[in-house]
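> Quick one: the structure is below, questions incoming.
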Amino acid sequence: MSEQDRPAPVDNPSWLGRRVELRIESVAHGGHCVARHEGRVIFVRHTLPGEHVLAEITEDRGGSFCRADAVEVLASSPDRMPPPCPYAHPGGCGGCDFQHVALAAQRGLKAHVVAEQLRRLAALEWPVTVEELGSGAPDGNERAGLGWRRRVRFAVAPDGQLGLRAHRSHTVIALDHCPIGAPGVGDSSVLGARWIGVDEVEVAADDEGEVAVLSHREVPVRQSRDRKHHAGKQHGGKQHAGQQHGRGTRTRTSTEHVAGPELLRYSAGGRHFEVSAGSFWQTHPRAADVFTEQVLAAAELAAGEKALDLYAGSGLFTAALAGAVGPSGQVLGLEAAGGAVHDAASNLAALPWARVRRAAVTGAAVTAAVTELDGVAVIVLDPPRTGAGREVMSAMLSAAGGSGPARPRAIVYVACDPAALARDIRTATDEGWQLAGLRAFDAFPMTHHVECIAVLRPVA
Ligand SMILES: C[S@@+](CC[C@H](N)C(=O)[O-])C[C@H]1O[C@@H](n2cnc3c(N)ncnc32)[C@H](O)[C@@H]1O
């Protein structure tokens, strides 16, 4: 069961605000559990399979699907525990959705979701276990699944206090600490300050404990009179949350570096990386190292081979692949963000047979890259939550270049959304490939998120 597959809303008497007793069934993609009432499906927060709860309907999407919050647990699961975060309650911070679940059981729920997505969207029965990463945090947080998150983007409340938004709401819940935040992030002094004139404040820590602070502000996009008139009638584009630019004014994010180093330092796979404070790096302190090891093991590259690294960021996997193929090989990364591409150039300086190019990953870009490399042995991809999509998948699956191999012998897919992964795997299996391996990691304890690394190979 998945929320995005529910039918579109239809006119119906609203259930909003109703309280209903529910028997909780399984966990769904997105971390909420499924229950049924009078023929409707209800996605219920803060529950566990097998529980009996009193829940309040918080959203009625008409027809067949509602959302609800458990307001009283009438019969609780043995996997339930008191949330270690004081802000994790109905109406509280919407950041973590598994605070009420024992850590081992969180991994069980995530395994269920990954397996279910593979079954529903890829027509595959695949046994899934979610592996623990720990947190690397001192003082017992490691065991508790706390203290791991090295980058948090806090929202700013109207009075300037920092916090995180309530679930599916613009309301900012002010925080004086964030228990899942790493040292210097969850207890950052920025949380005690008042932030006037900015919309969000981002705090990021590196391996050396250095902490950078960035502020983000939505500013109106300058447009010609004609374009302004046109844009006012459109629904697309990022809309400003405040009043001063009027409703419907298109905005862009203006980012300012406020404190700490401009470059954060990390190590993974035995290499050192410098990453601009605003660029992507794996949030969990163990993730970069563990994922690099997994990607290399799955790629099985030999000296002199060629590889493609899609959505390459600051060159984490590009560097590891370059180490595997050596100077007689070649690795090309594609990445859309200019800052990350700039960082990758420095991070790959000692590996001149590897580079990251600034490019959006599209089917055409993948085909062009494979042709330029004259064939590739392995393609690694680590897309954002939306996944690669059919066009990019098809370009990878049919990649052929000049005198190179007819198609890659493996695609190593690093995925932060199991539904997107399952859809992309389905594209692969439809086109004569098979899922050859999958490992799942608990890189986001206390939340429903899970990271998977899947290996696809052509059917012999
Ligand atoms: C999950 S991160 C992975 C980065 C890198 N593999 C790592 O582990 O550090 C995804 C990256 O994809 C980039 N990205 C997002 N959409 C993209 C697109 N359409 N084309 C190219 N890169 C994109 C983001 O800027 C980000 O750096």
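The values are calculated or read from the model by the stated rules, or taken from the named source; none is laboratory data. In this text, all values refer to a predicted model and were calculated from it rather than measured experimentally. Here the Cβ positions follow ideal geometry from the backbone for every residue, glycine too, while neighbour counts run over all protein chains shown.
> For the structure I just gave you, tell me whether ILE42 is in contact with a Cys (Cβ under 6 Å, 6 or more places away or on another chain), of a type in the set (Val, Ile, Thr) and under 20 Å from HIS448 (Cα atoms).
Values: in contact with a Cys (Cβ under 6 Å, 6 or more places away or on another chain): yes; of a type in the set (Val, Ile, Thr): yes; under 20 Å from HIS448 (Cα atoms): yes.
In short, yes.
> While we're looking at this one, here's another question. Anything in region 328-346 that is farther than 17 Å from ALA388 by Cα and either in a strand (DSSP E or B) or not hydrophobic (A, V, I, L, M, F, W, C) (or both)? List them, or say none. Give the steps one after another, and end with the answer.
First, the residues of region 328-346 that are farther than 17 Å from ALA388 by Cα: 328-332, 338-346.
Within region 328-346, SER328, GLY329, GLN330, VAL331, LEU332, GLY338, GLY339, HIS342, ASP343, SER346 meet the criteria.
> Could you tell me whether VAL53 is β-branched (Val, Ile, Thr) and crowded, with 17+ Cβ neighbours inside 10 Å? Talk me through it step by step, then tell me what you get.
Numbers: β-branched (Val, Ile, Thr): yes; crowded, with 17+ Cβ neighbours inside 10 Å: yes.
Taking the combined requirement at face value, the residue satisfies it.
> Pick out, from region 169-278, the strands (runs of 3 or more DSSP E) lying fully within it that include 2 or more residues that are surrounded by 13 or more Cβ atoms within 10 Å (Cβ to Cβ) and at pLDDT 95 or above.
Working: elements: 172-174, 200-205, 211-220, 251-259, 263-268, 271-276.
Hits in region 169-278: 200-205, 211-220, 251-259, 263-268, 271-276.
> How many residues are within 14 Å of the ligand (Cβ to nearest atom) and either more than 25 Å from ALA395 (Cβ to Cβ) or hydrophobic (A, V, I, L, M, F, W, C) (or both) when one looks only at region 323-344? Before you say what the answer is, go through the steps one by one.
Going residue by residue through region 323-344, those that are within 14 Å of the ligand (Cβ to nearest atom) are 331-344.
Right, trim to either more than 25 Å from ALA395 (Cβ to Cβ) or hydrophobic (A, V, I, L, M, F, W, C) (or both) and you get 331-332, 334, 336-337, 339-344.
Matching residues across region 323-344 total 11.
> Residue check: is GLY375 touching a Ser or Thr at 6+ places or on another chain (Cβ under 9 Å) and either closer than 24 Å to GLU451 by Cα or among the aromatic types (Phe, Trp, Tyr) (or both)? Write out each step before concluding.
Numbers: touching a Ser or Thr at 6+ places or on another chain (Cβ under 9 Å): yes; either closer than 24 Å to GLU451 by Cα or among the aromatic types (Phe, Trp, Tyr) (or both): no.
No.
> Which pairs do you get when a residue that is farther than 20 Å from GLY432 by Cα, found in region 409-420, comes within reach of a residue that is assigned to a helix (DSSP H, G or I) and within 11 Å of the ligand (Cβ to nearest atom), reach meaning Cβ atoms under 8 angstrom, with the pair 6+ apart or on two chains?
Here the result reads VAL414/PHE291; VAL414/VAL295; VAL414/PHE317, each pair linking region 409-420 to a residue that is assigned to a helix (DSSP H, G or I) and within 11 Å of the ligand (Cβ to nearest atom).
> Another one. Take SER314 and tell me if it is part of a loop (DSSP other than H, G, I, E, B), within 13 Å of the ligand (Cβ to nearest atom), touching a residue at least 24 places away in the same chain (Cβ under 8 Å) and among the polar types (S, T, N, Q). Reasoning before the result, please.
Details: part of a loop (DSSP other than H, G, I, E, B): yes; within 13 Å of the ligand (Cβ to nearest atom): yes; touching a residue at least 24 places away in the same chain (Cβ under 8 Å): yes; among the polar types (S, T, N, Q): yes.
Answer is yes for this residue.
> Output yes when any residue across region 354-367 is more than 23 Å from CYS452 (Cα to Cα), more than 9 Å from the ligand (Cβ to nearest atom) and surrounded by fewer than 16 Cβ atoms within 10 Å (Cβ to Cβ), and no when none is.
Yes, that holds for at least one residue.
> Pick out, from region 45-147, the strands (runs of 3 or more DSSP E) lying fully within it that include 3 or more residues that are under 25 Å from GLY163 (Cα atoms).
Details: elements: 52-60, 65-75, 130-132.
The strands (runs of 3 or more DSSP E) meeting that bar are 52-60, 65-75.
> Taking the stated definitions as given, is LEU54 over 23 Å from ALA287 (Cα atoms), outside the structural domain of ALA182 (by TED's automatic domain parsing) and in contact (Cβ under 8 Å) with a residue 60 or more places away in the chain? Write out each step before concluding.
On the way: over 23 Å from ALA287 (Cα atoms): yes; outside the structural domain of ALA182 (by TED's automatic domain parsing): yes; in contact (Cβ under 8 Å) with a residue 60 or more places away in the chain: no.
The answer is no for LEU54.
> Tell me which residues, restricted to region 296-311, are out of contact with any Gly (no Cβ under 6 Å at 6 or more places or on another chain) and either within 22 Å of ALA205 (Cα to Cα) or within 9 Å of the ligand (Cβ to nearest atom) (or both).
Across region 296-311, the qualifying residues are LEU310, TYR311.
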